[in-house]
Structure formats: structure tokens, C-alpha cells
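Visitor: What follows is a structure written as C-alpha cells; I'll ask about it next.
The values are calculated or read from the model by the stated rules, or taken from the named source; none is laboratory data. Nothing here was measured: the structure is a model prediction, and the numbers come from that model. Here the Cβ positions follow ideal geometry from the backbone for every residue, glycine too, while neighbour counts run over all protein chains shown. Ligands, DNA and RNA are excluded from the accessible area calculation, which covers all protein heavy atoms including side chains. Shrake-Rupley method; radii C 1.70, N 1.55, O 1.52, S 1.80 Å.
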Amino acid sequence: MSTVLFVTGTGTEVGKTLTTAAVAALCPEPVAVLKPGQTGLGPDEPGDVHEVARLAGPLVHAVELARYPEPLAPETAARRAGLPPLAPEDVAKTVAELAAGHRTVLVEGAGGLLVRYDERGRTLADHALACRDLGLDVGFLLVAAAGLGTLNATALTVEALRHRGLPLRGVVIGCWPAAPDLATRCNLADLPTAAGAPLLGALPAGAAAHTPATFRPFATAALAPALGGTWDAAAFATAHRPA
């Protein structure tokens, strides 16, 4: 059975796209990457799935379901543009079609878990539930910010997932700073506790500057073995232990 991994974040601009690209780059089989709703871009501008494909390589099959020009939540952006919103059933149908031909399907959400996609208030979590209703093996990867405030956002997201019976595979820090402060260092130990799930990686800042040739080694060093890499959470925490 194919694995469907939803990539969500503790908020916007936390590194979801780069994390999705890193996971895709290390998948052993051809992988499909779906962006249900892309906001904030015109029709001819490259979107998040294009960046994933650029970095992760030619084995990535990238799909974008809907695009809305204003940088807003998908439901708001769709309404303001006079375009149809995204229904969970339509997203699940596309995921099922991709899963029929790919061992892994990555679904990158917009913003955080409970951002609205339609006028009924349905969210990325509802997309995942619709996929599960079709018999697909669904899980979540949470991309978290590194610094102060991330523990609360992580705990709230995890509580929402648990309330809906959706499994969390682990947490990845989407952008690890070159000079981490005290809170950021402490979060290496505290994030797994807040999430109730393992820390599966930390992407160093500047990941977007990589070329396709350098991105795979970068991803290997930044992600844990559970995601196909060599990153060691205990060794990383020891190296960044707060004074």
C-alpha cells in the first residue's frame, strides 16, 4: 500500500516546502508531491511544487490542484478571486489517483493544520480524513519553527491531530539558525515532549540556495533515518546543548 504523508506546519514560513523537498529527495521510489491549494502567485509563477521538483530531482511528480493569486488562506483567497474552493473529496480523489502509481505521496498544506480551504471551514485535516475514508494509509509530518513560541504551536497542532485520530510520524525543524539562541537550543529537548513524537530532522538555514546536485547530500545530513537520512537527534542535541 502507498504511504500518504501530509506535511503541515506550526504556521506560515516555517520551512514546509524545503522539508517536503528533502523528504522527496530521499524517497527510494518515484514520489508524487501534491499542493492542494497554492496562494499568493500568478498563473505563470513557479509554485511550491515546482521548487520541490527543482531541488528533489526528476523522479518527483509534482501536482498543483488550485491556485489563487492573493497570499491569503485558501478559502479567503478563493472567495476573493471568485474561484471555486477546494473540497476534501476532490483532494482525496487526486491523492488516490497518485497513490495508484507512486509508493509515496507527499501532500503539502498551506499554513498550519486548521487553515480553512472552503466555506464550510474544512481544513488539511479534513483532506487527510477523506483520504483515510478511501482506505489510504495516512500520516502527518509536522514542520516546526526553531525558536521561542514553537512549543505552544506544536502542542496545539498535535492536540488537533489527536482529536481527529490522525497519526503524527514526527517533527522536523524547518530552519535551524546559524547562531541558535537559548530557547532554540532548549527546544531540541522540549519539542519531542510537546509533540509526543520524535524529532526527525533539522534543516540548516539557507537550504533554498542549494542546487539539485547538492540538495540530496544536504537532505541526507538533515533528516533522520526514519526519513531516509543520517541525522542523529541525540548527537545534534548534545552538540547544541544549552550552557
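Visitor: Of the numbered conditions (1) within 24 Å of Ala145 (Cβ to Cβ); (2) modelled with pLDDT of 95 or more, Gly111 satisfies every one except a single condition; which is it?
Guide: (2) is the only condition that Gly111 fails.
Visitor: Collect the residues in the stretch 136-151 that are farther than 16 Å from Leu199 by Cα and in contact (Cβ under 8 Å) with a residue 24 or more places away in the chain, keeping them in residue-number order.
Guide: Leu136, Asp137, Val138, Leu148
Visitor: Go through (1) more than 14 Å from Ala21 (Cβ to Cβ); (2) surrounded by 18 or more Cβ atoms within 10 Å (Cβ to Cβ) and name the single condition Ala243 misses.
Guide: (2)
Visitor: Additional query: Every residue in the stretch 162-179 that is surrounded by 18 or more Cβ atoms within 10 Å (Cβ to Cβ) and either closer than 12 Å to Leu151 by Cβ or out of contact with any Phe, Trp or Tyr (no Cβ under 7 Å at 6 or more places or on another chain) (or both), please.
Guide: Result: Gly170, Val171, Val172, Ile173, Gly174, Cys175, Trp176.
Condition check ((1) at pLDDT 95 or above; (2) more than 21 Å from Lys16 (Cβ to Cβ); (3) open to solvent by 40 Å² or more (accessible area, probe 1.4 Å)) across all residues:
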| residue | (1), (2), (3) |
| --- | --- |
| Ala144 | yes, no, no |
| Cys186 | yes, yes, yes |
| Ala195 | yes, no, no |
| Ala207 | no, no, no |
| Phe215 | yes, no, no |
| Leu227 | yes, no, no |
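Visitor: How about the stretch 15-38: which of its residues are open to solvent by 30 Å² or more (accessible area, probe 1.4 Å) and touching a helix residue (DSSP H, G or I) at 6+ places or on another chain (Cβ under 9 Å)?
Guide: Listed by number, the list holds a single entry, Leu18.
Visitor: Right, something else. Based on this model, can you work out whether Val4 counts as farther than 23 Å from Glu97 by Cβ, modelled with pLDDT of 95 or more and in contact with a Cys (Cβ under 9 Å, 6 or more places away or on another chain)?
Guide: no
Visitor: Next question. With Ala78, Ala73, Ala99, Ala53 as the choices, which residue is aliphatic (A, V, I, L, M) and in contact with a Pro (Cβ under 6 Å, 6 or more places away or on another chain)?
Guide: Answer to the selection: Ala78.
Visitor: Of the residues in the stretch 128-157, how many are under 17 Å from the mean Cα position of the chain (by Cα) and over 25 Å from Cys175 (Cβ atoms)?
Guide: So the answer is 4.
Visitor: Right, Ala197: assigned to a loop (DSSP other than H, G, I, E, B) and over 16 Å from Ala239 (Cβ atoms) or not?
Guide: Yes.
Visitor: Condition test on Leu136, is it at pLDDT 95 or above, open to solvent by less than 70 Å² (accessible area, probe 1.4 Å), of a type outside the set (D, E, K, R) and farther than 30 Å from Glu97 by Cα?
Guide: no
Visitor: Here are Ala130, Ala235: which of them is surrounded by fewer than 14 Cβ atoms within 10 Å (Cβ to Cβ), at pLDDT 95 or above, part of a helix (DSSP H, G or I) and among the aliphatic types (A, V, I, L, M)?
Guide: None of the other options fit; the residue is Ala235.
Visitor: Then there's this: Is it true that some residue in the stretch 203-211 is in contact with a strand residue (DSSP E or B) (Cβ under 8 Å, 6 or more places away or on another chain) and part of a helix (DSSP H, G or I)?
Guide: Yes, the stretch 203-211 has at least one match.
Visitor: Turning to a different aspect of this structure: Quick one: Ala222 ticks every box in (1) surrounded by 19 or more Cβ atoms within 10 Å (Cβ to Cβ); (2) free of Cβ contacts under 8 Å to residues at least 60 places away in the same chain bar one, so which box is it?
Guide: Here Ala222 clears every test but (2).
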